[in-house]
Amino acid sequence: MEWDPKFDYPGLAAAMEGKMVQAGGVGLAAPQVGILQRFFVIALAACMEHSSGATLDGRDLYPIAESTPGAIFCMNPKIVSLSNKTQTGSEGCLSIPRRHEVVTRPAQVELTFLGVDGAGHVLRANGLLARCCCHEFDHLNGRLFIDYL
Ligand SMILES: [Zn+2]
């Protein structure tokens, strides 16, 4: 999928963030709201509490998350590495209300993506942020968390 300058990515990102916050989620993928494109938003600050050590473009994510209102926008994400170490925890999904299941995910994940401005970024995530990245990435490929059960 190519970056299309005619597309209003900031507007889409804001609309997605609004839906996510309203629904009390920490992540939302475009296909969940009927947009067949490869991007998702993640509520950075909400994930950071359980993701110390995460970096964005090599910089500590904590101060970035605190100064970033709302959500981070990840378009065309590619998972470039997954840890062998795993984490196991409860997970839910805005597309499957009121259902929570225990899912095992990689403890750490590194992904590249395009930001809302079209610039390339590298996110190294762990903890809840890594779980959220994997969950949202799966949505882009039609996979849900209950498919792991
Ligand atoms: Zn979901």
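Here are a few things to note about the model shown:
- For region 24-44, a residue qualifies if it is part of a helix (DSSP H, G or I) and within 14 Å of the ligand (Cβ to nearest atom), and the qualifying residues are ALA30, PRO31, GLN32, VAL33.
- Any hit, region 30-39, residues being more than 22 Å from ASN126 (Cα to Cα) and either aromatic (Phe, Trp, Tyr) or in contact with a Phe, Trp or Tyr (Cβ under 8 Å, 6 or more places away or on another chain) (or both): yes
- Residue in region 78-94 that is nearest to ASP138 (Cα to Cα), counting only those that are within 15 Å of the ligand (Cβ to nearest atom) and open to solvent by less than 60 Å² (accessible area, probe 1.4 Å): CYS93
- Some residue of region 4-23 being away from the ligand (no atom under 15 Å from the Cβ), at pLDDT 95 or above and among the hydrophobic types (A, V, I, L, M, F, W, C): no
- Elements of type strands (runs of 3 or more DSSP E) in region 62-149, at least 1 residues being in contact (Cβ under 8 Å) with a residue 24 or more places away in the chain and aromatic (Phe, Trp, Tyr): 72-82, 108-114
- Selection status of PHE113, aromatic (Phe, Trp, Tyr), under 18 Å from ALA29 (Cβ atoms) and either in contact with a Phe, Trp or Tyr (Cβ under 9 Å, 6 or more places away or on another chain) or away from the ligand (no atom under 12 Å from the Cβ) (or both): yes
The values are calculated or read from the model by the stated rules, or taken from the named source; none is laboratory data. Computed from a predicted model, the values in this text were never measured in an experiment. Ideal geometry is used to build each Cβ from the backbone, glycine not excepted, and the neighbour counts take in all protein chains shown. To get the accessible areas, we keep the full protein, side chains included, count just its heavy atoms, and leave off ligands, DNA and RNA. Shrake-Rupley method; radii C 1.70, N 1.55, O 1.52, S 1.80 Å.
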